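Presented below is the structure to which this report refers.
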Amino acid sequence: MKVRSVIPMRIAKIGYIVVSLILVLLGVLIISLPDISMLAIGRILGAVMIFFGCIKLVGYFSKDLFRLAFQYDLQFGIIALVLGIIVLLKPADAINLLFMAMGIVLLADSLFKIQIALDSKKFGIGKWWGILALAIVTGIVALILVFKPSESARIMTILLGATLVAEGCLNLFVAITTVKIIKHQYPDFIEIDSFETEDEDK
């Protein structure tokens, strides 16, 4: 029986870590420069979301050992791709919806990460509580972003930056603690060809 290739899992894990660090750095940059052009923010976020969407899809189809980090990434990968393309192609038109859209997507992601934390506890992953804590913090910040507590573009930009930092830290922690790569991992199902070969030998 052939062992499963670990290349997709490595790409997904490394990609998750890289995108998470990008989100943290981008969030810090936005917080440090709240007066930055919204058009520039839209373009950068659009590109990052497209990249993140692709990584999420790779992760979903990589079939990692525990199936925790990537189990909801088919839907979120598609959503991130579509939203990223819209923001990138029409940043001026999407700016008004950018804060709410990002807030809703990241809020939903944090809620699913809470489920991942509970699943991680069942798997015996000791740092499940870290995922839970970061998911709750990310959810709270994203919820604030959705409800737009201020009409000030400066304040909303800082909130967006804080949400990106929280989301980046959350995804980074999840990738490091729950994505386990086993070199000799076998497929989930035994291929039918192996049975046919055995029958022929008999």
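Just so it is clear, none of the values below were taken in a lab; they were calculated from the coordinates. Predicted, not measured: the structure shown is a model, and the values here were computed from it. Cβ coordinates were reconstructed from backbone atoms using ideal geometry, including for glycine residues, and neighbour counts include every protein chain displayed.
When a/c reaches 1.5 or more, the comparison of a/b and b/c decides; with that in mind, is the stretch 7-184 rounded, prolate or oblate per its Cα gyration tensor?
prolate
Putting +1 on Lys and Arg Cβ atoms and -1 on Asp and Glu Cβ atoms, find which of ALA12, ILE55, ASN171 reaches farthest to the positive end of the dipole of the stretch 7-184.
Positive-end residue among those listed: ALA12.
In whole angstrom, how far apart do the alpha carbon centroids of the stretch 9-47 and the stretch 109-180 sit?
Using only Cα atoms to place each centre, the spacing works out to 15 Å.
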